[in-house]
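Let me begin by presenting the structure, written as structure tokens, before commenting on it.
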């Protein structure tokens with residue numbers, strides 16, 4: 001039984017006791033983790049809340065400490081509780097039965113497999129414009145989204161991963177203009193170019209990266225190209241023409257390249273919904289009709305938005321800052337991104353009453369299929385899964401899109417009040433920049449003024465960006481050099497494999513350890529450090545833990561569990577005093593993995609799990625330093641140390657896996 005279950009049982013009992021014995025109804029019962037192990041495993045300030053409720057009910061002043069003394073015996077009646085103490089004016093501190101817990105948990109996995117028993121949730125992330133290679137900013141989006149998917153699954157939810165493809169947007173149109181009007185290429189020529197690039201070891205999305213920069217520069221001096229842009233965008237949106245076919249090839253090839261990049265970071269998807277199908281299958285028209293019927297939008301008849309369909313927000317009336325975000329249909333009849341996003345969100349929640357058509361796109365090495373939407377009927381050689389119909393949707397989009405996302409959320413809630421705003425969650429995040437040293441390592445030219453700044457900003461349109469693959473390559477090279485120094489005896493293939501796992505762990509952890517609303521300033525030296533709060537440090541701790549069990553006898557964990565079960569008094573003795581508190585602190589922290597995952601889900605904050613992983617790594621390393629596990633002569637103490645080390649190793653491995661980080665065989 002994990003600590004989360006203990007807490008739930010005690011909370012339920014407190015609520016029932018308050019109602020039945022004291023006649024008080026408590027909606028929320030707070031629980032806190034004491035700052036030190038010797039102060040208990042769980043603290044309840046419930047007596048203070050009870051005192052307020054009872055005073056309101058009876059009019060008489062209540063003594064919180066006296067109330068706490070009434071509650072304590074009830075809590076002590078649970079078999080997993082060792083003792084209960086009352087601190088100060090009425091805090092209730094609960095101490096779990098350490099020996100009993102260790103006897104029941106020894107050798108068991110840190111995280112129970114819940115098998116998708118929870119509600120279905122959709123997470124949309126990555127959503128890179130398919131006009132060029134992914135960059136480091138996209139990687140933060142993808143790592144956040146992928147990690148949150150893993151967290152949700154660890155909490156028992158069924159999760160569908162969507163990667164929205166804006167294949168009819170202006171960014172794709174820009175690259176198409178570049179191919180047709182600057183490079184003078186048609187579709188056949190582009191296909192030949194793509195084939196040649198493959199033989200040269202150059203990626204198609206890299207070629208498009210440079211072309212996108214080039215066309216951005218040419219727009220500034222060539223007015224006719226700007227006119228071609230609008231014409232090209234119209235042809236792409238219209239579909240069924242040569243320009244649209246060329247754009248489809250370019251976008252699809254870029255999607256394939258981007259998926260390959262994300263696969264390097266173990267990031268995968270279930271469905272690639274495309275903008276083109278939202279247009280061609282008339283999703284917006286259906287959503288538009290429903291919104292008008294429910295009077296969720298209005299047609300402006302005067303002012304600067306005359307002729308536009310707008311979603312009015314009372315909370316923002318009189319403010320011009322986000323006026324364009326509230327416009328769903330422009331006066332010329334074209335639909336805005338926000339309008340299309342509302343229709344898409346309705347589909348994800350199973351509220352639109354329409355569906356995409358699908359075709360199989362690719363299959364990952366583990367057999368997982370990726371599907372893509374289409375507007376045509378396609379004969380599938382395998383059954384198409386049911387997509388959409390989620391109870392809740394998380395959209396991972398940067399913080400600059402907060403207001404449009406609010407419009408989407410409110411729009412869906414206005415049409416379907418029974419679903420409410422809570423069904424649509426914007427998982428927002430801040431940008432990624434580079435430290436000056438990282439920028440120079442990646443080949444940027446910096447002035448003295450640039451070097452004096454705390455970070456270097458990037459701009460994809462100006463070509464001032466870091467391609468995700470270049471970043472991963474550089475991390476792998478640096479990690480390989482470190483592995484070479486430490487393990488020159490192993491093969492280059494083994495070194496490369498370890499270096500890849502270290503590089504991915506370093507990158508993912510660096511992007512996850514900061515809360516979502518923090519600007520991330522990436523630095524190679526900091527990310528790859530074996531010391532401090534890094535993924536490498538956490539991986540190294542897990543490797544160290546695994547090395548202990550390679551040296552122990554094969555059945556060491558099973559034997560330790562048997563020894564503990566046979567002598568609970570001896571175990572209690574080991575877990576007493578300052579030394580016992582230190583040992584128990586590691587076991588208790590390992591037992592809080594499920595609780596931490598629940599907190600990460602509730603706050604939609606992967607950084608909570610990242611910080612837990614680092615704290616557990618620190619606690620285990622201190623435990624490792626203080627105890628000679630293998631050479632311990634006291635049989636019961638040795639069994640306790642083995643059981644605690646195993647629980648920490650299991651929790652750390654599970655936490656890292658949930659962060660998308662593997663544990664190398666050696667470091």
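The values are calculated or read from the model by the stated rules, or taken from the named source; none is laboratory data. Fair warning: this is a prediction, and the values are worked out from it, not measured in the lab. As a convention, Cβ positions derive from the backbone with ideal geometry for all residues, glycine included, and neighbour counts pool all protein chains shown.
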Take the residues of region 80-121 that are out of contact with any strand residue (DSSP E or B) (no Cβ under 8 Å at 6 or more places or on another chain) and loosely packed, with under 14 Cβ neighbours inside 10 Å: which is farthest from residue 10 (Cα to Cα)? 115
Failed criterion for residue 283 (all others in (1) buried (at least 21 other Cβ atoms within 10 Å of the Cβ); (2) not assigned by TED's automatic domain parsing to the domain that holds residue 388 hold): (2)
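Which members of region 630-645 meet the condition of being closer than 18 Å to residue 103 by Cα and either in contact with a strand residue (DSSP E or B) (Cβ under 7 Å, 6 or more places away or on another chain) or in a loop (DSSP other than H, G, I, E, B) (or both)? Even if it seems obvious, please write down each step before you answer.
Our first condition is that a residue be closer than 18 Å to residue 103 by Cα; within region 630-645, this holds for 634-645.
Answer for region 630-645, where residues must be closer than 18 Å to residue 103 by Cα and either in contact with a strand residue (DSSP E or B) (Cβ under 7 Å, 6 or more places away or on another chain) or in a loop (DSSP other than H, G, I, E, B) (or both): just 634.
Take residue 505 and tell me if it is buried (at least 18 other Cβ atoms within 10 Å of the Cβ), in contact with a helix residue (DSSP H, G or I) (Cβ under 6 Å, 6 or more places away or on another chain) and not assigned by TED's automatic domain parsing to the domain that holds residue 206.
Values: buried (at least 18 other Cβ atoms within 10 Å of the Cβ): yes; in contact with a helix residue (DSSP H, G or I) (Cβ under 6 Å, 6 or more places away or on another chain): yes; not assigned by TED's automatic domain parsing to the domain that holds residue 206: yes.
In short, yes.
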Hey, does region 347-356 have a residue that's outside any loop (DSSP other than H, G, I, E, B) and surrounded by 13 or more Cβ atoms within 10 Å (Cβ to Cβ)? yes
Out of the residues in region 103-131 meeting the condition of being within 19 Å of residue 431 (Cα to Cα) and part of a loop (DSSP other than H, G, I, E, B), tell me which one is nearest to the chain's Cα centre (by Cα). 125
Would you mind stating whether residue 660 is touching a residue at least 24 places away in the same chain (Cβ under 8 Å) and at positive phi? yes
One residue is enough: does region 377-384 have a residue meeting the conditions within 22 Å of residue 158 (Cα to Cα) and either crowded, with 17+ Cβ neighbours inside 10 Å or modelled with pLDDT of 90 or more (or both)? yes
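Is at least one residue of region 44-52 touching a helix residue (DSSP H, G or I) at 6+ places or on another chain (Cβ under 8 Å), surrounded by 21 or more Cβ atoms within 10 Å (Cβ to Cβ) and part of a strand (DSSP E or B)? I'd like the intermediate steps shown before the answer.
Filtering region 44-52 down to residues touching a helix residue (DSSP H, G or I) at 6+ places or on another chain (Cβ under 8 Å) leaves 44, 46-48, 50-51.
Checking the rest, the ones that are also surrounded by 21 or more Cβ atoms within 10 Å (Cβ to Cβ) come to 44, 46-47, 50-51.
Now restrict to residues that are part of a strand (DSSP E or B): 44.
Yes, the conditions are met somewhere in region 44-52.
Each row is one residue, and each column tells you yes or no for (1) within 30 Å of residue 667 (Cα to Cα); (2) surrounded by fewer than 19 Cβ atoms within 10 Å (Cβ to Cβ); (3) modelled with pLDDT under 95.
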site: 434; (1), (2), (3): yes, no, yes
site: 437; (1), (2), (3): yes, yes, yes
site: 452; (1), (2), (3): no, yes, yes
site: 483; (1), (2), (3): yes, no, no
site: 513; (1), (2), (3): yes, no, no
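Within region 369-419, can you find the residues that are assigned to a loop (DSSP other than H, G, I, E, B), touching a strand residue (DSSP E or B) at 6+ places or on another chain (Cβ under 8 Å) and free of Cβ contacts under 8 Å to residues at least 60 places away in the same chain? I'd like the intermediate steps shown before the answer.
First pass over region 369-419, keeping only residues assigned to a loop (DSSP other than H, G, I, E, B): 375-391, 397-398, 416-419.
From what's left, touching a strand residue (DSSP E or B) at 6+ places or on another chain (Cβ under 8 Å): 375-378, 380-382, 384-385, 387-391, 397.
The answer is 376, 377, 378, 380, 381, 382, 384.
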For residue 77, are the conditions met, namely being farther than 30 Å from residue 442 by Cβ, surrounded by fewer than 23 Cβ atoms within 10 Å (Cβ to Cβ) and free of Cβ contacts under 8 Å to residues at least 12 places away in the same chain? yes
Given (1) surrounded by fewer than 18 Cβ atoms within 10 Å (Cβ to Cβ); (2) over 25 Å from residue 146 (Cα atoms); (3) touching a helix residue (DSSP H, G or I) at 6+ places or on another chain (Cβ under 7 Å), residue 545 misses just (1)
